[in-house]
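The values are calculated or read from the model by the stated rules, or taken from the named source; none is laboratory data. Here the structure is a predicted model, which means the values were calculated and not measured. Here Cβ is always computed from backbone atoms with ideal geometry, including for glycine, and neighbour counts include all displayed protein chains. Accessible surface is based on the protein model in full, side chains and every heavy atom, while ligands, DNA and RNA are left aside. Shrake-Rupley method; radii C 1.70, N 1.55, O 1.52, S 1.80 Å.
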Amino acid sequence: MRLFRTAGLAVTVAAMALAMAACGSDTSPSTALQPTGASPSPGGNGARTPTPTGTATAPGGGQVFGPGCSSLPTSGAGSLSSMAGQPVATAVASNPQLSTLANAIKTAGLTDTLNNAQNITVFAPTNDAFNKVGQSQLNALLANKQQLTQTLEYHVVPQRLSPDNLAGTHKTMEGQNLTVTGSGEDFTVNNTASVVCGNIQTRNATVYLIDSVLTPPSSGTPTPAAT
């Protein structure tokens with residue numbers, strides 16, 4: 001009889017051990033094995049939403065302004081959305097209003113310089129602005145690489161200027177100063193060139209289209225052709 005009681009006690013102990021093991025199997029896995037650093041997407045698949053890169057919006061980007069903005073393409077090459085994703089020299093080359101400037105930049109060998117610059121402002125003469133210079137003076141400027149480079153670099157300020165801090169005197173990439181006067185949506189550069197479409201964003205620059213070509217103070221070119 002003692003033998004049977006001992007055997008029964010052993011069976012009971014074994015059964016209790018099995019029950020406790022079964023309860024332990026319901027315990028959640030350690031949080032150290034859980035994925036970290038990712039938030040479930042609204043779709044519930046646990047994928048991390050990618051962060052957009054290469055955006056062109058600068059601090060204080062805001063809206064473009066000026067009468068010339070209405071003639072920009074609304075989509076595709078030369079549109080605001082297209083230019084925003086491109087470095088500035090590439091963006092200029094895609095804009096039909098800036099084809100003469102694009103040719104001048106290429107002739108001067110400044111494409112890579114402008115595309116690789118960081119946070120600059122470009123005062124971009126439109127085709128109509130170059131037409132004021134006259135074909136003969138323009139041809140002479142294009143044929144003189146040193147003078148062409150000096151003129152183009154005078155249109156570039158090595159900082160990104162929003163409309164709020166556009167007015168004032170700014171040192172250019174060429175080394176001399178230009179002066180912007182005005183406020184709101186009415187700005188003039190060196191008392192000669194009006195901003196016709198301002199605050200255009202590219203990947204590395206803010207662009208202001210102007211209606212006249214700027215002349216560095218120490219240079220005699222370009223000058224408007226006689227009418």
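Per-structure values
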item	result
Long-range neighbours under 8 Å by Cβ, at least six apart or interchain, first residue in contact (Cβ under 8 Å) with a residue 12 or more places away in the chain and closer than 13 Å to I105 by Cα within region 115-132, second aromatic (F, W, Y) and in a loop (DSSP other than H, G, I, E, B)	none
Boolean, A91 is surrounded by 22 or more Cβ atoms within 10 Å (Cβ to Cβ), small (G, A, S), farther than 16 Å from P216 by Cβ and modelled with pLDDT of 95 or more	yes
Selection count, region 159-190, where residues are in contact (Cβ under 8 Å) with a residue 40 or more places away in the chain, surrounded by fewer than 14 Cβ atoms within 10 Å (Cβ to Cβ) and within 21 Å of L114 (Cα to Cα)	1
Conditions (1) farther than 26 Å from E153 by Cα; (2) of a type outside the set (D, E); (3) modelled with pLDDT of 95 or more: number failed by P29	(3)
Residue in region 150-158 that is assigned to a loop (DSSP other than H, G, I, E, B) and either open to solvent by 30 Å² or more (accessible area, probe 1.4 Å) or within 20 Å of S94 (Cα to Cα) (or both) present	yes
Search result, residues across region 191-206 that are in contact (Cβ under 8 Å) with a residue 40 or more places away in the chain and open to solvent by 40 Å² or more (accessible area, probe 1.4 Å)	R203
Yes/no for V122 being open to solvent by less than 60 Å² (accessible area, probe 1.4 Å), within 19 Å of T188 (Cα to Cα) and more than 16 Å from the chain's Cα centre (by Cα)	no
Check on L166, modelled with pLDDT of 95 or more, in contact with a helix residue (DSSP H, G or I) (Cβ under 6 Å, 6 or more places away or on another chain) and hydrophobic (A, V, I, L, M, F, W, C)	no
